[in-house]
Amino acid sequence: MTAKTAPTQGSAQGSTQGPARRTVLTGARVVRPDGVDGSDGNGRVTVEGTRIAADAPGEAGTLDLTGHWIVPGFVDMHVHGGGGASFSSGSAEEALRAVATHRAHGTTTLVASTVTGDLEDLARQAAVLSELVEQGDLAGVHFEGPFISPHRCGAHDPALLRDPDPADVRKLLDAARGTARMVTLAPELPGGLESVRLLAEEGVIAAVGHTDAAYEATLRAVEAGATVATHLFNAMPVLRHREPGPVAALLADERVTVELINDGVHLHPAVLGLAFARAGAGRVAFVTDAMGAAGMGDGLYPLGPLTVRVTDGVARLAEGGSIAGSTLTLDRALRRAVTVDGLPVEDAVRALSANPARLLGVADRVGSIEPGKDADLVVLDAEYRLTGVMRKGEWVVAPGTRAAG
C-alpha cells in the first residue's frame, strides 16, 4: 500500500478555519449497509476531517489499500476491561488503558461494563465512568449485576448479589448521571419485571442474563420491555425439549437482540450458527465480555472482587474454575466468524457494528460506512486480519505499521 497526502489548504486565523483535510482510501473492498462495494477491488472511502464524506472532485490525499477490506469501526456493548485494566477499578487511568487496548483492535465505540459489587462501590465506579462518557471516551455504562440469579452467577461474587429492587436500580441509574445504557438482570427475581419496566421507561436497555428464568417468565420480561439477551446460552438454563427456558424465548422474539461471545470457548460453531439461523443477522450482536487480560498474556487478573486465572487465553475463576469473561477482541471475533463459522462478511460486520450501534442509540454517528458519519474504520488484509484502525479521521493504527495477526 502506498500513501500520498495533499497539502492542507488554508490555516486557522482567529475564528476562521481552513477546509478540513480530505483523504481517499482506494482499491479496497468496502462493506457498506447495502453490501460489498468494490468487490472487484476498486472500492473507495472518502474521509474529510472527522467524517466520512461523499466522493467529490477536489484535491485530496490518497491511500492505496489494494487487496484489503474496509469495514466500519466495531461497537462493543459488553466489555469489562483489557490491557491489564478493569472498568471496575474506579480508576479513570485504568479505564482509559482498557479503552486504548480495544481501540487498537478495532473497537472504536465501547460501553464499559461493571461486575457485581455493593451498591456504593458500583455508584463510585459509575461516577468515574460517566465522566469518560461525557468526554467522549466511552459510549455508556453497562451494569452487569448485582441483580442476577445466585444459581447462574458465573464469575460474579454470590455474596454480593441482590434482588432487582427498582429503588436500587434507580440508585445506579442516578449515579451514572444519564450515561447508563444497559442493565443486565434476572427477571424471575422479586422486583425483576418492575425493574425491567423502569429501565424501559428511562430509555435504558433491560437485558436478560445470568438468569434461571423459565420460558414463560422470559416472555413476560420481553413484554415488560427487555430487548437484549446477555451472552445468550451462557449463564442461563440450556435449551430442553420440554423446558425450553430463556434461550428459546429470546431467540424467537423479534424485539430481542442476542449477544454472542465468538471466541471458540463460550460457543460451539454449530450453536452460533443456530442463533444466526433463528434470530437472523439483524438481531445478533457480537460482544467480547472481555476482562482485563484482553490484549495481555496468561496470568492472574482481578475481576471485581474475584481473581481470574488465564491459561492459554482462557479466563477462569482461580477458585471454582468457572469461565470468567473472555480475553477476546472484536477483530478476532470477526475473523473467526468468517473463516471458522462460515458467515458472510456482511453478516459478521453487521453483528459487530450496525446492530450494537442501533441498540445503543448511536447509529446516526457510527456503525456503518455512510457519508456524514464518524470516520471510524477498520482495515483488514485479505485473510481478515486487522492492519489499520481509524477513529474520527485519525489513525489509531496506521495501515502497514502493525503486523497482521
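A few comments on the model shown:
- Where strands (runs of 3 or more DSSP E) sit wholly within the range 39-81, those with at least 3 residues that are over 30 Å from G304 (Cα atoms) occupy 43-48, 51-53, 61-64, 69-72.
- Beta carbons closer than 8 Å, at least 6 apart along the sequence or on distinct chains, pair a first residue in the range 121-140 that is on the phi > 0 side of the Ramachandran plot with a second that is part of a helix (DSSP H, G or I) and surrounded by 15 or more Cβ atoms within 10 Å (Cβ to Cβ) for G140/V133; G140/L360.
- The set of residues from the range 106-120 being out of contact with any Phe, Trp or Tyr (no Cβ under 7 Å at 6 or more places or on another chain), touching a residue at least 40 places away in the same chain (Cβ under 8 Å), buried (at least 24 other Cβ atoms within 10 Å of the Cβ) and farther than 14 Å from T184 by Cα comprises just one member, T109.
- When D163, D157 are checked against the criterion of being of a type in the set (D, E) and within 17 Å of D289 (Cα to Cα), a single residue qualifies: D157.
- Considering the range 180-257, the qualifying helices (runs of 4 or more DSSP H), each wholly inside and each with 1 or more residues that are more than 23 Å from G280 (Cβ to Cβ) and modelled with pLDDT of 95 or more, run over 192-201, 215-224.
- Residue among V271, V284 that alone is among the β-branched types (V, I, T), within 17 Å of the chain's Cα centre (by Cα) and either assigned by TED's automatic domain parsing to the domain that holds T327 or on the phi > 0 side of the Ramachandran plot (or both): V284
- Residue among R177, R97, R181 that alone is buried (at least 18 other Cβ atoms within 10 Å of the Cβ) and either touching a helix residue (DSSP H, G or I) at 6+ places or on another chain (Cβ under 6 Å) or among the aromatic types (F, W, Y) (or both): R181
- Only residues that are in a loop (DSSP other than H, G, I, E, B) and buried (at least 18 other Cβ atoms within 10 Å of the Cβ) were counted across the range 126-156, and they come to 11.
- Just so you know, in the range 207-248 the residues that are aliphatic (A, V, I, L, M) and without any contact (Cβ under 8 Å) to a residue 24 or more places away in the chain include one that is surrounded by the fewest Cβ atoms within 10 Å (Cβ to Cβ), and it is V238.
- Filtered residue count, the range 285-309, keeping only those that are free of Cβ contacts under 8 Å to residues at least 24 places away in the same chain, out of contact with any Leu (no Cβ under 7 Å at 6 or more places or on another chain) and not in a loop (DSSP other than H, G, I, E, B): 2
The values are calculated or read from the model by the stated rules, or taken from the named source; none is laboratory data. Given the structure is predicted, the values throughout are model-derived calculations rather than measurements. All Cβ positions, glycine included, derive from the backbone under ideal geometry; neighbour counts span all protein chains shown.
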